[in-house]
Amino acid sequence: MNEKDKDIIRKVALLYNKYGIKSVTMDDIAHEIGISKKTLYEHFSDKLHLVNAVVEQEIIFNDLRLRQQTDGLHNAVQEMFKIFHFHLQMLQEYNPSLEFDLKKYYPEIYIKLKRIKREKIRENTMKNLKKGKQEGFYRKELNEEIITKLTVLRIESMSESDLFSQEELYSHEFSKEMFMYHLHGILSPKGIEYLNNNHEQLNLTK
């Protein structure tokens, strides 16, 4: 992918995030980013091609952002807090209409996105659990395979339930309680002590 493609994708991603996918036409895109419709089609053959490219680049971009925040951290607990704060940042940027439009109008892309998200959650959770066990911050007897699957299940199933409103589900308070619920379920006595001694440094209230 060349730099012009990436530039178009970045600008289109902003439009989709602001207005949703369905309502933004190829004519709108050409007009908003200041190129001819013909030029747009030279880069992306149709809207399906463009939507797919935007989703793929967002996956790559968000994965890079997460790695930049967690690379080089000293222990698994610090890493978990960085992931939590990254999750909060993602919630602030999240537009529910994007997921709705993908699910309804681009189901194949939605399924692919869901599969990739699942794998990223599984990979990051498993890696963190193994690291925490080796460091002694997590319970040595915990089954990382089961905990990883439970984490994926919890994240995927929350949006399907009507127990919480959308406002509650995407609130800081909800995220914090779910995070601490998970953390206290995996911490060892050493991990609990570290958490209590470094509460301000870890910055839960950020």
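The values are calculated or read from the model by the stated rules, or taken from the named source; none is laboratory data. This is a predicted model, so every value here is computed, not measured. Methodologically, a virtual Cβ is constructed for each residue, glycine included, from the backbone with ideal geometry; neighbour enumeration extends over all protein chains shown.
One residue stands out among those in the stretch 137-148 that are in contact (Cβ under 8 Å) with a residue 40 or more places away in the chain and surrounded by 16 or more Cβ atoms within 10 Å (Cβ to Cβ): the one that is farthest from H74 (Cα to Cα), which is L142.
Within the stretch 149-206, being closer than 24 Å to I116 by Cβ, of a type in the set (K, R) and surrounded by 14 or more Cβ atoms within 10 Å (Cβ to Cβ) holds for one residue alone: K149.
All of Y106, Y170 fail the test of being modelled with pLDDT of 95 or more, closer than 23 Å to I59 by Cα and not charged (D, E, K, R), apart from Y106.
Does at least one position in the stretch 63-72 carry a residue that is loosely packed, with under 15 Cβ neighbours inside 10 Å and not in a helix (DSSP H, G or I)? Within the stretch 63-72, one or more residues are loosely packed, with under 15 Cβ neighbours inside 10 Å and not in a helix (DSSP H, G or I).
Looking for whichever is within 25 Å of L153 (Cα to Cα) and in a helix (DSSP H, G or I) here; the options are E42, E32, E58. Which one fits?
Exactly one residue qualifies, and that residue is E58.
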